[in-house]
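What follows is a short report on a single structure.
Values in this text are rule-based calculations from the coordinates and carry no lab data. Everything quoted here is computed from the prediction, not taken from an experiment. As a convention, Cβ positions derive from the backbone with ideal geometry for all residues, glycine included, and neighbour counts pool all protein chains shown.
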Amino acid sequence: MMKSFLLTIKPIKYFFRGRNFLNDPHYLEVQKKNRNESLKRPSRTIILNFLLSIKQGKTSYLEIGVRNPDRNFNHIEADLKYSVDPGIEFIENPVDFKMTSDVFFQKLSKNEVLSNDTKFDVIFIDGLHLAEQVDRDIENAFNYIKDDGFIVLHDCNPPTEWHARENFGYRNSPASGYWNGTTWKAFLKWRFNSSINSCCIDSDWGLGIFSKKYQIGKSIEPTNAFFEFSSLDENRKEYLNLIDFDTLKNILLE
Ligand SMILES: C[S@@+](CC[C@H](N)C(=O)[O-])C[C@H]1O[C@@H](n2cnc3c(N)ncnc32)[C@H](O)[C@@H]1O
């Protein structure tokens, strides 16, 4: 009775509810996973530069979703680099093509940007992190990747379902501001394609990689028909073909 009364007083209610929230074991576990993932190395930039470094001749790189280019794009070592972003998260948006990936690929197919026989060595997909969009980005990217090129996806290994939420804007989840969205679902869907090799580097929130040529990992039989997060969580090594960077280097340099 007394407790119910006290909880009608706002500062007291905020104190107890806030304390419960911040001390909740599940919340603390997710916070720990935030920290663990943030500390993993190498970064996407090192992995992307490695993939470019093993190519012969002039290299060409496309980044879908750039935000602040100082975080990755400006550090990419390629002879030709192109960037696409509609400018949702970074107002300055100093990119080559200020548009969504859908518009970019449509224009590319009609020779309205670059030329439709363009082929890239590496395409980095890091735009809108919702499965349907990522799936379309992958499909489009396959039309413009060299036979020995790599398509790379950021955020394929969300540590918890809070990181894999659909809602980017909601920041009061235990994942705080971290957001991987549902990219993992699109990656997994393409892991079922037997003509494509794939793996996911266990670093920087999961770098999913597709290759037509290099044997970086076999496809798997279709599974997890409803793309349930709990099923991913129990089987991430197999579903994603989760490997470390040294293993990838050994495969590609041997
Ligand atoms: C996670 S950030 C990119 C981070 C950057 N690639 C890096 O490595 O630091 C996502 C970016 O995707 C952009 N974006 C959102 N929707 C998009 C779309 N439909 N097509 C392309 N980019 C999109 C946002 O504006 C944002 O800048």
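Across the cross-link table entries LYS58/LYS212; LYS81/LYS107; LYS55/LYS185; LYS185/LYS213; LYS189/LYS212, which are compared at the Cα atoms, the separations over 27 Å belong to LYS55/LYS185. Stretching LYS58 away from GLU221 to a fully extended chain increases their span by 55.0 nm, per 0.36 nm per residue minus the current alpha-carbon distance. Computed over the chain with a Gaussian network model linking Cα atoms closer than 10 Å, the most mobile of TYR144, TYR14, TYR239 is TYR14. The gain in end-to-end length when the PHE90 to ASP70 segment is fully stretched comes to 6.0 nm, 0.36 nm per residue minus the alpha carbon separation. Full extension of the chain segment joining PHE142 with ASP246 gains 34.9 nm, where the gain is 0.36 nm per residue of separation less the Cα-Cα distance. Placing a label point 7 Å from the Cα of GLU238 along the Cα-to-Cβ direction, the residues of the range 181-204 with a backbone N closer than 20 Å are 184-202. Inter-label distance, ASN116 to LYS98: 2.7 nm, where each label sits 7 Å from its Cα along the C-beta direction. With a simple spin-label model that places each label point 7 Å from the Cα along the Cα-to-Cβ direction, the separation between LEU7 and LEU80 comes to 6.4 nm. Note on the chain: GNM, Cα springs under 10 Å; of ASP70, ASP202, ASP137, the largest mean-square fluctuation is that of ASP70. With a cut-off of 11 Å between beta carbons, the residues surrounding PRO158 carry a summed charge of 0, where Lys and Arg count +1 and Asp and Glu -1.
Could you tell me the center-to-center distance, by alpha carbons, between the range 33-103 and the range 135-187 in angstrom? So the separation of the two Cα centres works out to 14 Å.
Spin-label pair PHE168-PHE15: with each label point 7 Å from Cα along the Cα-Cβ axis, the two points sit 4.0 nm from one another.
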